[in-house]
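The structure under discussion appears below in the form of structure tokens.
The values are calculated or read from the model by the stated rules, or taken from the named source; none is laboratory data. Everything numeric in this text was worked out from a predicted model, so none of it was measured. Counting neighbours? That spans all protein chains shown, and the Cβs are built from the backbone with ideal geometry, glycine included. Please note that ligands, DNA and RNA were not included when accessible areas were found on the heavy atoms of the full protein model with its side chains. Shrake-Rupley method; radii C 1.70, N 1.55, O 1.52, S 1.80 Å.
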Amino acid sequence: MLWPGLARRFPALGYRDFRLLLADRLLAPGAFAFSLVGVSFAVLDATGSTADLSYVLAAQILPSLVFALVGGVFADRFAPQRVIVAANLMIAVGEGGFGLLVLLGQPQLWQMIGLETLSGAGMAVFYPASQALLPRLVPDRLLQEASAMSRLAMNAAQMGGAAIAGLFVAAAGPGWALATCGIGMLGTVPLLLAIRAPGAAREHSPNVLRELRDGWSAFASRRWLWATTIQYSVVLAAWYGAFDVLGPVVAREHLGGPAAWGLITAADGVGLIIGGVIALRLTVQRPIRFVVLVGATIAITPLALASLWPLPVICVAAVGLGIALEVMMVQWTVTMARNVPPDLLARVSAYDIIGAVGAMPLGALLVGPIAAAVGVSATQYGAAALIVVASGLTMLAPEVRHMRAGPAIEAQAPALAQAGAKAA
């Protein structure tokens, strides 16, 4: 039979809770892909201003400075899947409400910023809880396989959703795309509530400030972790402004509009899927060095847009970058899970995400005025150069260059994963 054969080929599928997580990882990213296309074109249709678009997109990121820490504390205290439910409900209200405003009439800038702030809070809460959940669903020996399969499901859903969303926005408008996102996020709630994995075992629950201090100490004591986080703070700020904010502008003026932007996003998804297949079995011997080098390759997409490469060539570049990014993310997830104690993983992940994305609002806010002053292409060339320089400087840290793959003694978790009982 097909199912027993799959379970033998991929043992992680033998765990009921992991299968439920895979179902969620198909539905949620597929729904959210409608937002990735819909938000940009909803703002551009409403105001026609790249500066306004930068303000709205920055509002998605700003909540991470507070809510990622909150999500990290609660995901270490309680079952992480319950925290993800709260996150998905915030996204559903934010994106669904935005879509409703677009469908009812001309949304105001302050309304768009407010709703995207709510969605951003949900995204910020989701990340640390998601990082803490997976190691509780499968044993350590299956962690890389489970991480690759989980991300493979997410990226397949995002690719399909992005391709459909681009056509959907072109045919029906961004309002319906955003409403679809909200409905899809609501559909994830029953799947997550069915997961039985408990929270981490803890002897006591100190106050929130003490928990945050403990998480910070664990983060700051690992140079490979904070050095790479600083690198990605610069890289993602530059990339977000040059690609996510200015990319739709280039697509609208030179590449064919929403359908073209949907193809570029879908091409990235294709690369992520191919990378996920590769990551199922590939183990990089020096994972942190690999993570830093992949960060440098992110410069390719703003460079492609700045140079006005033909759309098929941009899509090929997006596929290649997606492959590299997906293999990198699996290596990063596994390295974090194996080198950070389970009862600290969500809080350490929260500091990681805050550091990595904390400057993205600044990138989004600055890129509009800079592009207005010096031009879109010049801004994108500058962003590509900044990405390469930041990555090169990070390679100077010995821990980044030399840290090897493999489980660390401190990360030998108790048998939390066994709570996700195997199916009969």
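May I ask you to work out the translational diffusion coefficient for the stretch 1-121 at 20 °C, viscosity 1.002 mPa s, via Stokes-Einstein with Rh from the Kirkwood sum over Cα pairs, reported in whole µm²/s?
Working: Rh = 16.4 Å.
Answer from the Stokes-Einstein relation: 130 µm²/s.
Using Cα atoms only, what is the angle between the long axis of helix 50-61 and the major principal axis of the chain, expressed in degrees (0 to 90) to the nearest 10?
The angle comes out near 10 degrees.
Leaving out ligands and nucleic acids, note down the accessible area per residue over the chain with a 1.4 angstrom probe, in whole Å².
Counting only protein heavy atoms, the per-residue value for the chain is 39 Å².
Sorted by mean Cβ packing within 10 Å, highest first, what order do the peptides 144-151, 352-359, 275-282 take?
144-151, 352-359, 275-282
Would you rank 338, 196, 223 by solvent-accessible area, highest first, keeping every protein chain in place and using a 1.4 Å probe? Write out the running numbers ahead of the final one.
Values: 338 40, 196 160, 223 110 Å².
From most accessible down to least: 196, 223, 338.
Could you sort 191, 53, 386 by their accessible area in this structure, using a 1.4 Å probe and putting the largest first? List each step's numbers first, then the result.
Values: 191 45, 53 0, 386 90 Å².
Listed by decreasing accessible area, they come as 386, 191, 53.
Report the accessible area of residue 180, computed with a 1.4 Å probe over the heavy atoms of all protein chains in place, in Å² rounded to the nearest 10.
Counting only protein heavy atoms, the figure is 50 Å².
Here are labelled values, (i) 24.0, 79; (ii) 20.5, 64; (iii) 21.7, 69, and one is the computed Rg and Dmax of the Cα atoms in Å for what I pasted. Which one?
Here the calculated entry is (ii).
How far is it, in nm, from the label point at residue 372 to the one at residue 389 when both lie 7 Å from their Cα along the line to the Cβ?
Here the modelled spin labels are 2.5 nm apart.
Given H placed on each backbone N at 1.01 Å, which residues far from residue 79 in sequence or on other chains put an amide H within less than 5 Å of it?
The list, which skips near neighbours in sequence, is 199.
For residue 45 and residue 66 in the same chain, what is the full-extension length gain: residue separation times 0.36 nm, less their Cα-Cα distance, in nm? Please list the in-between numbers first.
Details: separation 21, 0.36 × 21 = 7.56 nm, distance 3.07 nm.
Here the segment from residue 45 to residue 66 would lengthen by 4.5 nm.
With the calculation restricted to Cα positions, what are the radius of gyration and Dmax of the stretch 55-211 in angstrom?
Rg then Dmax for the stretch 55-211, in Å: 17.3, 56.
Over all directions, how big on average is the projection of the convex hull of the alpha-carbon atoms in the stretch 135-181, in square nanometres?
3.9 nm²
With θ taken as phi - 60° and the coefficients 6.51, -1.76 and 1.60, list the Karplus ³J(HN,Hα) couplings across the stretch 182-193 in order, rounded to whole Hz; mark glycine and proline as x.
Per-residue couplings from phi come out as x, 5, x, 5, 5, x, 7, 4, x, 5, 5, 5 Hz.
Relative contact order (percent) for the chain, with alpha-carbon contacts under 8 angstrom and 6 or more residues of separation? Don't skip to the end; give the middle numbers.
Values: 830 pairs, mean separation 117.8, N = 424.
Reported as a whole number, the value is 28 percent.
Please report, as a whole percent, how much of the solvent-accessible surface of the chain comes from carbon and sulfur atoms (probe radius 1.4 Å).
Working: 11420 of 16380 Å².
On the chain, the fraction of accessible area on carbon and sulfur atoms equals 70 percent.
Given R₀ = 45 Å, what would the calculated FRET efficiency be for residue 281 paired with residue 208, taking r from the Cβ atoms and rounding to 0.05? It would help to have the intermediate numbers written out before the result.
Working: r = 41 Å, r/R0 = 0.90.
The pair residue 281/residue 208 has a calculated efficiency of 0.65.
Using the Kirkwood formula over every pair of different C-alpha atoms, what hydrodynamic radius in Å results for the stretch 132-246?
Values: mean 1/r = 0.0535 Å⁻¹.
Result for the stretch 132-246 stands at 18.7 Å.
With each label point set 7 Å from Cα along the Cα-Cβ vector, what nm distance links residue 82 and residue 307?
5.2 nm
With each label point set 7 Å from Cα along the Cα-Cβ vector, what nm distance links residue 140 and residue 196?
2.5 nm
Accessible area, 1.4 Å probe, largest first: how do 110, 226 sort?
Working: 110 180, 226 90 Å².
So the residues, ranked largest to smallest area, are 110, 226.
Show me the ranking of peptides 163-171, 322-330 by mean Cβ neighbours inside 10 Å, starting with the highest.
Details: 163-171: 20.8, 322-330: 23.2.
In descending order of packing, they fall as 322-330, 163-171.
Through the Karplus equation 6.51 cos²θ - 1.76 cosθ + 1.60, θ set to phi - 60°, convert the phi angles of the stretch 105-114 into ³J(HN,Hα) values in whole Hz; use x for Gly and Pro.
Rounded to whole hertz, the list is x, 7, x, 7, 4, 5, 5, 5, 5, x.
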